[in-house]
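Where a number appears in this text, it was derived from the coordinates with a stated rule and is not lab data. Being a predicted model, the structure only gives us computed values, none of them experimental. Because the Cβ atoms are built from the backbone with ideal geometry, glycine has one as well, and the counts that use them run over all protein chains shown.
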Amino acid sequence: MTTFDLGEHVLATRHNTDAGFIRRLLRRWVERRRERATLLGLSRMQPYLLADMGIEPGEILEALDGKRSSPLSKPKRQAEHG
C-alpha cells in the first residue's frame, strides 16, 4: 500500500474571511437604510412644502425605485486612483 503525506499547508485550511469586505457591506447597507428612511420621510410631506424645497414628488418616487436619473439619487462612487 502506498502512503501519501499531507503537508501542513493542506491540513491548515483557513476560512479566509475578509473582515474589511464585510464591514464595507454592512456600512453600505446601513447607509442605504438611512437614505431610504430620509426619502420615506420626504414622501410623507405635503406637496407644497416639497415645492418650497425645490423637490417634485415624482423625484422622490424615482429615488425610492433606485433610478439613477433622479436628482435625489446619489452618484455612483468612483474608485479612487492613487
Between the modelled labels at Arg44 and Arg24 (7 Å from Cα along Cα→Cβ) the distance in nm is 3.4
What ³J(HN,Hα) values, in whole Hz, does the Karplus curve 6.51 cos²θ - 1.76 cosθ + 1.60 give for segment 21-36 when θ = phi - 60°, with x put for Gly and Pro?
-> 5, 5, 4, 5, 4, 5, 4, 5, 5, 5, 4, 5, 5, 5, 4, 5
If packing is taken as the mean number of other Cβ atoms within 10 Å per residue, what is the order of 37-44, 22-29, 58-65, highest first?
-> 58-65, 37-44, 22-29
